[in-house]
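The values are calculated or read from the model by the stated rules, or taken from the named source; none is laboratory data. Note that the structure is predicted; figures quoted are calculated from it, not measured. We place every Cβ from the backbone using ideal geometry, glycine too, and count neighbours over all the protein chains shown.
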Ligand SMILES: Nc1ncnc2c1ncn2[C@@H]1O[C@H](COP(=O)(O)OP(=O)(O)O)[C@@H](O)[C@H]1O
Ligand SMILES: [Mg+2]
């Protein structure tokens with residue numbers, strides 16, 4: 001496995017908000033996000049905290065929200081395509097909007113446009129630069145001192161099972177497993193001319209850890225700045241890999257041209273052995289502390305995608321620096337969030353953070 005590296009240079013946190021917040025009425029903040037992904041949870045959480053909400057939708061007001069009155073945004077803005085979001089910036093600012101970005105929001109808008117979007121956004125947008133590039137993400141994790149899967153350089157001998165990941169692939173499409181050098185060579189034409197990462201395939205159980213880092217809340221599990229909360233854990237249902245066994249061994253399936261894919265189709269709640277919680281918090285803490293040294297800190301919700309092997313080693317294979325859709329299984333609390341506050345969801349925790357920062361006059365520390 002890729003061994004942790006030692007720590008490096010320090011950088012100071014900074015905000016790109018400039019004077020935008022000066023024109024805002026803090027009493028009238030509105031939480032806005034794209035109508036997809038975890039928006040029901042975000043709107044539901046904001047409503048529970050008494051914050052108004054605004055849903056950005058494409059084409060028309062999505063009808064299904066009317067089926068969920070407690071999670072329906074107070075207002076909608078409808079655009080013809082996601083590409084139009086940058087044009088909404090002025091309108092959003094006029095409405096005192098704070099964007100709560102989720103995975104689909106960033107994907108639809110594109111990382112570059114999201115970085116430029118001149119509307120206050122929950123969390124530190126600088127994280128994108130470190131998150132979007134698999135190599136940089138790996139450097140961040142390793143230099144934080146957490147275990148990551150071994151990575152094979154092009155041409156390096158494949159001495160164990162590997163997972164080949166394509167850069168920018170959505171939902172694991174096209175990823176393939178090769179159990180040895182020969183199998184890798186058989187599949188090599190799929191890799192030609194493409195940017196890939198060849199990772200050690202870790203035979204373990206997957207835990208997607210949902211954390212929340214507040215730079216302003218001091219009580220609880222303290223960090224050098226603020227605190228760290230664990231709000232839940234899920235495992236993703238991935239088609240077709242998770243169900244392949246029903247048709248027989250992968251070897252045989254391969255001969256019939258059926259290859260495993262990792263497309264997320266849903267989520268299931270999980271808990272981890274309680275004896276592993278110290279490790280879980282240690283990993284979360286390291287990743288946050290290192291983020292301050294690298295780019296001024298990853299704040300708000302984030303998810304570490306991990307594999308636990310039979311020697312109880314935890315390896316982090318991916319990081320998402322915002323609310324993940326796996327938190328949707330915990331709308332009314334989780335076996336961890338309930339120890340913080342009964343019924344707490346990540347969406348609601350976001351709204352609480354915004355309210356807390358507003359009360360303390362510290363909004364620039366949680367928005368960029
Ligand atoms: N090193 C690994 N060993 C075993 N399985 C892995 C490894 N990395 C990823 N996976 C599996 O592949 C899926 C997709 O990989 P991931 O790196 O999360 O890419 P994506 O960007 O598509 O989410 C994961 O959810 C997990 O099931
Ligand atoms: Mg992933």
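Have a look at 307, 277, 319 and point out the one that is under 20 Å from residue 148 (Cα atoms), more than 16 Å from ligand 1 (Cβ to nearest atom) and within 23 Å of the chain's Cα centre (by Cα). None of the other options fit; the residue is 277. Contact annotation: residue pairs with Cβ atoms under 8 Å, 6 or more positions apart or on different chains, pairing a residue in region 311-322 that is within 18 Å of residue 282 (Cβ to Cβ) and in contact (Cβ under 8 Å) with a residue 24 or more places away in the chain with a partner that is within 13 Å of ligand 2 (Cβ to nearest atom) and part of a loop (DSSP other than H, G, I, E, B), are 315/149; 317/149. Close contacts from region 232-249, counting a first residue that is in a helix (DSSP H, G or I) and a second that is modelled with pLDDT of 85 or more and within 11 Å of ligand 1 (Cβ to nearest atom), with Cβ to Cβ under 7 Å and a gap of 6+ residues or different chains, come to 241/260; 241/261; 241/262; 244/260. Please verify whether residue 134 is surrounded by fewer than 21 Cβ atoms within 10 Å (Cβ to Cβ) and in contact (Cβ under 8 Å) with a residue 60 or more places away in the chain, treating the condition exactly as stated. For residue 134, the condition - surrounded by fewer than 21 Cβ atoms within 10 Å (Cβ to Cβ) and in contact (Cβ under 8 Å) with a residue 60 or more places away in the chain - is met. Restricted to region 152-187, and to residues there that are in a helix (DSSP H, G or I) and loosely packed, with under 11 Cβ neighbours inside 10 Å, the residue that is farthest from ligand 2 (Cβ to nearest atom) is 182.
For residue 287, the conditions (1) away from ligand 1 (no atom under 16 Å from the Cβ); (2) in contact with a strand residue (DSSP E or B) (Cβ under 7 Å, 6 or more places away or on another chain); (3) modelled with pLDDT of 95 or more; (4) closer than 24 Å to residue 367 by Cβ are fulfilled apart from (1). Has region 244-253 got any residue that is within 16 Å of ligand 1 (Cβ to nearest atom), modelled with pLDDT under 95 and buried (at least 17 other Cβ atoms within 10 Å of the Cβ)? No, region 244-253 contains no residue that is within 16 Å of ligand 1 (Cβ to nearest atom), modelled with pLDDT under 95 and buried (at least 17 other Cβ atoms within 10 Å of the Cβ). Of the strands (runs of 3 or more DSSP E) lying entirely inside region 46-151, the ones with 3 or more residues being farther than 28 Å from residue 298 by Cβ are found at 75-79.
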